[in-house]
Amino acid sequence: MPLRVGLLTAAHLHVAGYAAACKAHPEVDLIGMWDDDVPRGEEFVGPRGIAFIASFEELMSQVDAVVITSENMRHAELVVKAAAAGKHILCEKPLAPTEEHGLQILDAVERAGVKLMTAFPCRYSPAFQMLKQRVADGEIGAIQAICATNRGRCPFGWFVEPKLSGGGAMIDHVVHVTDLLRDLLGEEPIRVQAQIGNNIHGKEWDDTAMVTIEFGSGIFATLDSSWSRPASYHTWGDVTMNVVGEKGVIELDLVGQSIQKYAAGSVTHTSHGFGADLDAAMVNDFVRACLDDSPIPITGFDGMQAARVAIAGYESVAVGQPVAIS
């Protein structure tokens, strides 16, 4: 019997990839989408042949699991409602933009006994998996430090409305790489120091964020999580890691597998990626965990540990010094 899945809002840009992965999965029946912004939801589902369901309760009555791709500040509200309805949940990152929201989310799924997976598709990158294996094999010895980036274009819209997003570039882009760091190192971050700015767009939200993350073993990582890529840049952004070991260095470019296209027009250079479908791999793991009643590979705890680095980053900016993560 297939897993019946519903989509909760078309707010986040990543919903397109998750919807496509659900539609293509042989063991998923994509029932439809609910969105309280009806025009937004109908505009999304129309060309994709997905049903729009106007009632949240009606969608809940027809599905086994949901994919939450709402505005960040609404994750807690929707997770609590979906969990109370007994639905398994795949939730977009950042899982929660505040500690209070995070505790609400984790408590709701524990009380309901449902599965919660945080959407971190970067873990499924073959390049990252190869990096992990080479580090585990000792090719560069013990890791000393890591220089990482997750730079992109500013998405504007609700992403630059803190009451909906919970912040700016730092809350948006810190969590992906933090999750990769935790997975690679097998330990938790203990201290964060951050600086943010708005020198690119000059608005009230941060478009530039530089973060230093310290781990218990003494390893530290720096992360540029800025919305610093102009519209003319050949990709939406990047995920890179320069891993410095005692016997060598490994450089990772997670989205570097591509062909380059040059054309006439206002944007003359674009990059077209190929290879593994990270969204499909992530959705498959979620589906398998739900159907087989097996453990979730990227849990709500994982999501909150990554979010806590961004949350601590904003605290660090406010006090002007490093902040410990409890």
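The values are calculated or read from the model by the stated rules, or taken from the named source; none is laboratory data. Bear in mind the structure is a predicted one, so any value in this text is a computation, not a measurement. No Cβ is skipped: glycine too gets one built from the backbone with ideal geometry, and neighbour counts run over all protein chains shown. Note: areas computed on protein heavy atoms with side chains; ligands, DNA, RNA excluded. Shrake-Rupley method; radii C 1.70, N 1.55, O 1.52, S 1.80 Å.
Side notes on the structure shown:
- Residue list for the stretch 205-222, restricted to those being closer than 10 Å to M170 by Cα and either assigned to a strand (DSSP E or B) or modelled with pLDDT under 95 (or both): T208, A209, M210, V211
- Taking the stretch 1-58 as the range and being of a type in the set (F, W, Y) and under 18 Å from V287 (Cβ atoms) as the test, only Y18 passes.
- For the stretch 295-315, the set of residues classified as of a type outside the set (F, W, Y) and either open to solvent by 30 Å² or more (accessible area, probe 1.4 Å) or outside any helix (DSSP H, G or I) (or both) consists of P295, I296, P297, I298, T299, R308, E315, listed by residue number.
- Looking only at the stretch 104-115, and only at residues there that are open to solvent by less than 30 Å² (accessible area, probe 1.4 Å) and assigned to a helix (DSSP H, G or I), the one that is nearest to P295 (Cα to Cα): V109
- Counting only strands (runs of 3 or more DSSP E) that fall entirely inside the stretch 1-74 and contain at least 1 residues that are among the charged types (D, E, K, R), the qualifying elements are 3-8, 28-34.
- Residues (farther than 24 Å from S232 by Cβ and either of a type in the set (D, E) or surrounded by 21 or more Cβ atoms within 10 Å (Cβ to Cβ) (or both)) located in the stretch 149-164: E161
- In the stretch 242-265, the residues that are closer than 11 Å to E139 by Cα, touching a strand residue (DSSP E or B) at 6+ places or on another chain (Cβ under 8 Å) and assigned to a loop (DSSP other than H, G, I, E, B): E246
- Residues of the stretch 116-145 classified as assigned to a helix (DSSP H, G or I), under 18 Å from V283 (Cβ atoms) and either touching a strand residue (DSSP E or B) at 6+ places or on another chain (Cβ under 8 Å) or open to solvent by less than 60 Å² (accessible area, probe 1.4 Å) (or both), total: 5
- Here Y314 clears all of (1) more than 25 Å from Q104 (Cβ to Cβ); (2) at pLDDT 95 or above; (3) of a type in the set (F, W, Y) except the condition numbered (1).
- Matching residues, the stretch 68-96, being open to solvent by 10 Å² or more (accessible area, probe 1.4 Å) and within 18 Å of G157 (Cβ to Cβ): E71, M73, R74
- Checking each residue in the stretch 243-287 for being in contact with a Gly (Cβ under 6 Å, 6 or more places away or on another chain) and modelled with pLDDT of 95 or more picks out G245, E246, K247, D279.
- Of all residues in the stretch 189-204, those being assigned to a strand (DSSP E or B), open to solvent by 20 Å² or more (accessible area, probe 1.4 Å) and either over 28 Å from G157 (Cβ atoms) or hydrophobic (A, V, I, L, M, F, W, C) (or both) number 4.
- On inspection, A65 does not qualify as more than 19 Å from F286 (Cα to Cα), within 21 Å of the chain's Cα centre (by Cα) and open to solvent by less than 40 Å² (accessible area, probe 1.4 Å).
- Check on L78, of a type in the set (A, V, I, L, M, F, W, C) and either in a strand (DSSP E or B) or modelled with pLDDT under 95 (or both): no
- Output for the stretch 209-247, where each listed residue is open to solvent by less than 60 Å² (accessible area, probe 1.4 Å), touching a residue at least 60 places away in the same chain (Cβ under 8 Å) and of a type in the set (G, A, S): A209, A221, S225, S226, S228, G237, G245
- Cβ-Cβ under 9 Å pairs, at least 6 apart or on other chains, the stretch 252-266 side polar (S, T, N, Q), far side open to solvent by 50 Å² or more (accessible area, probe 1.4 Å) and not in a loop (DSSP other than H, G, I, E, B): Q257/P126; Q257/G273; S258/H272; S258/G273; Q260/H272
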